[in-house]
1. When THR29 is evaluated against the numbered criteria (1) of a type outside the set (Gly, Ala, Ser); (2) at pLDDT below 90; (3) on the phi < 0 side of the Ramachandran plot, which criterion, by number, is the only one it fails?
2. Mind listing whichever residues of region 89-116 are modelled with pLDDT of 70 or more, assigned to a loop (DSSP other than H, G, I, E, B) and open to solvent by less than 70 Å² (accessible area, probe 1.4 Å)?
3. With respect to ALA59, determine if the residue is closer than 11 Å to TYR90 by Cβ and either open to solvent by 50 Å² or more (accessible area, probe 1.4 Å) or at pLDDT 75 or above (or both).
4. Looking only at region 68-88, filter to residues that are open to solvent by 50 Å² or more (accessible area, probe 1.4 Å) and among the small types (Gly, Ala, Ser); which one of those is modelled with the lowest pLDDT?
5. Got a number for residues in region 1-33 being open to solvent by 90 Å² or more (accessible area, probe 1.4 Å) and either in a strand (DSSP E or B) or under 18 Å from MET92 (Cβ atoms) (or both)?
6. Write out, first by first residue and then by second, each pair whose Cβ atoms fall under 9 Å of each other, whose residues are 6+ apart or on separate chains, and whose first residue, in region 6-21, is modelled with pLDDT of 80 or more while the second is of a type in the set (Asp, Glu).
7. Six or more apart or on different chains, Cβ under 9 Å: which pairs go from a residue in region 43-56 that's in a helix (DSSP H, G or I) and open to solvent by 90 Å² or more (accessible area, probe 1.4 Å) to one that's modelled with pLDDT of 80 or more and of a type in the set (A, V, I, L, M, F, W, C)? Could you list them?
Amino acid sequence: RLENPASLIFLGSGKGGANVSGLPLRFSTADPVFNVVYTIVVSPQYPPIPVDPQLRTLAASYPICVSMWSDGGTDLGRSSQAVVNLFEGYGMGWVASSWNAEPRLVTNATTHDLSSTRWGLIVQRALVQPVKPLLPPLV
């Protein structure tokens, strides 16, 4: 924040997985810490809970990004789609862990050309979905 007060800070609860207890962080004045994006991890070891009141409450008021995720399923395409649908249900963003790992997700990054693999098609569908703004624009 000393370098740029408008910088975003990505942080998790420190408990691993999708555990968001103790969040959002607050100043000693009880005001929420600003410019924070909360992160969670979703994997077979840390499965997301389809109905998690704590996560839903946090996601309704603060931006959440799934910083690392895998489904570990045998049918990667179908189970990945279910996980992404769960993220969408909570209104969370997510990160592809390796954009150019085989099979390649991106064929040409400058023109946003995605591969026709299952991963690429999932991302293409996600990119055209309407998104509610989670952070107010900086002025």
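The values are calculated or read from the model by the stated rules, or taken from the named source; none is laboratory data. This one's a predicted model, so the numbers in the text were calculated from it and none came from an experiment. For neighbour counting, all protein chains shown are included, and Cβ atoms are generated from backbone atoms with ideal geometry for every residue, glycine included. Note: accessible area is taken over every heavy atom of the protein model, side chains too, but ligands, DNA and RNA are not part of it. Shrake-Rupley method; radii C 1.70, N 1.55, O 1.52, S 1.80 Å.
1. Failed condition: (2).
2. GLY91, MET92, VAL95, SER115 - these are the residues of region 89-116 that are modelled with pLDDT of 70 or more, assigned to a loop (DSSP other than H, G, I, E, B) and open to solvent by less than 70 Å² (accessible area, probe 1.4 Å).
3. Values: closer than 11 Å to TYR90 by Cβ: yes; either open to solvent by 50 Å² or more (accessible area, probe 1.4 Å) or at pLDDT 75 or above (or both): yes.
The answer is yes for ALA59.
4. If we take residues in region 68-88 being open to solvent by 50 Å² or more (accessible area, probe 1.4 Å) and among the small types (Gly, Ala, Ser), then GLY72 is modelled with the lowest pLDDT.
5. 3
6. Hits for this filter: ALA18/ASP52; VAL20/ASP52.
7. GLN54/VAL20; GLN54/LEU23
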